[in-house]
Amino acid sequence: MRYFVAVAEELHFGRAATRLHMSQPPLSRAIKQLEAEVGALLFARSPAGVALTPVGTVLLDEARALLEHADRVRVRVSAAAGMTTLTVGILGDGTDPGVARLAAAYRRSHPGIDIRVRDTDLTDPTCGLRTGVVDVALTRAPFDETALTVRVLRADPVGVVLRADDPLARRDRLRLAELDDRRWFQFPRGTDPVWQSYWNGGTPREGPVVRAVQECLQAVLWNGTIGLAPLGHDLPAELAVVPLIDMAPSRVVAVWNEGDTNPLIRSFVEIATGAYRQ
């Protein structure tokens, strides 16, 4: 059923296999076996991807309900065994509507679970996951994914943050090359190099060291430093953000340690996937 739901939500066997951390052939075989058991096609297949059949649409609702029930059973068993706390690391903007939807949905599904939130700065994109400080993180990729499992929740376009009186702030869009002569934010020495490279537009830069979002904004306001930020966030009137047309989107992800079988994490990630797609 988890395989079926993944294909139904992705509408693509390749993306579903990536999401499930498996190769495509066994996923295809599992879906064919399910179709044989049901006695009807669940997907209409084409070179462009797949689409749910009417039978598949009915099964999707039932499958989601079954999986939610299964997760509740796991959580109740875990709670009986003393596993009643989940620590979540959040990087950046905790006011993201996706976080609010996730919190509400998780409370409804698991009212007896104590969620502890650790708000982290910009120097550790895994929010303390590698050191065991948190069980699961809501953060942004890319970063070194060694020994981690990552689920993409959303992709946000990125823009450059400028002072509102900067001549470039009047532009509708910009390219990275137009910012080469500016000073950029830097993260402290030892920060994940994949993470640093992304937020520097893939090129080594010079500029002040920052650790938190507010430090970034103040550096723009006081010193004219520039940096990148996902679009859609509220900024002070003195600042502006201009979309970058040649910058890869920033991916919001849920990430946890590879091999961690805590059912609370599995349930959290599945609920997060739905919350961020609304």
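Annotations
- The loop-placed trypsin sites (Lys or Arg not before Pro) in the stretch 191-278, going by DSSP, that have at most 16 neighbouring Cβ atoms within 10 Å of their Cβ come out as 211.
- Label zone of residue 29 (point 7 Å out along Cα→Cβ, amide N under 18 Å): in the stretch 3-23 this covers 3-4, 13-14, 17-18, 20-23.
- GNM flexibility winner over the chain from 237, 155, 219 (Cα, springs under 10 Å): 237
- Net lengthening on full extension, residue 206/residue 109 (0.36 nm per residue, minus Cα-Cα): 30.2 nm
- Charge context of residue 239, other residues only, Cβ under 13 angstrom, K/R +1, D/E -1: -3
- Structural descriptor for the stretch 177-220: relative contact order 45 percent, calculated from alpha carbon pairs under 8 angstrom and at least 6 residues apart.
- Extended-chain gain in nm, criterion 0.36 nm per residue less alpha-carbon gap, residue 100 and residue 147: 14.1 nm
- The H on the amide N of residue 43, modeled in the peptide plane, is under 5 Å from the matching H of 53, each at least 5 residues off or on a different chain.
- Calculated FRET efficiency for the pair residue 260/residue 239, C-beta based, R₀ 35 Å, to 0.05: 0.35
- Sulfur and carbon atoms: percent of accessible area, the chain [1.4 Å]: 54 percent
- Theoretical ellipticity at 222 nm over the chain - DSSP helices of four or more residues, -39500 (n - 2.57) apiece, nearest 500: -12000 deg cm²/dmol
- Sorted largest first by accessible area at a 1.4 angstrom probe radius, with every protein chain in place, the residues 146, 84, 273 fall in the order 146, 84, 273.
- Calculated accessible area for the chain comes out at 52 Å² per residue, all protein chains present (probe 1.4 Å; ligands, DNA, RNA ignored).
- Calculated FRET efficiency for the pair residue 53/residue 180, C-beta based, R₀ 35 Å, to 0.05: 0.10
- Dipole of the stretch 89-174, positive end: most advanced residue of 112, 89, 162 [Cβ charges, Cα centre]: 112
- Residues in the stretch 209-218 carry Karplus couplings, in order, of 8, 10, 10, 9, 4, 5, 5, 4, 5, 5 Hz; the curve used is 6.51 cos²θ - 1.76 cosθ + 1.60 with θ = phi - 60°, and Gly or Pro positions show x.
- Estimated inter-spin distance, residue 189 and residue 38, nm [label 7 Å along Cα→Cβ]: 5.8 nm
- Near-label residues of the stretch 1-28 by backbone N, under 18 Å of a point 7 Å along Cα→Cβ of residue 69: 1-5
- Using a Gaussian network model of the chain in which every pair of alpha carbons under 10 angstrom is joined by a spring, one finds that among 136, 220, 255 the greatest mean-square fluctuation is at 220.
- The chain, relative contact order [Cα under 8 Å, separation at least 6], %: 22 percent
The values are calculated or read from the model by the stated rules, or taken from the named source; none is laboratory data. None of these values were measured; they are calculated from a predicted model. Glycine gets a Cβ as well: all are built from the backbone with ideal geometry, and neighbour counts include every protein chain shown. Accessible surface is based on the protein model in full, side chains and every heavy atom, while ligands, DNA and RNA are left aside. Shrake-Rupley method; radii C 1.70, N 1.55, O 1.52, S 1.80 Å.
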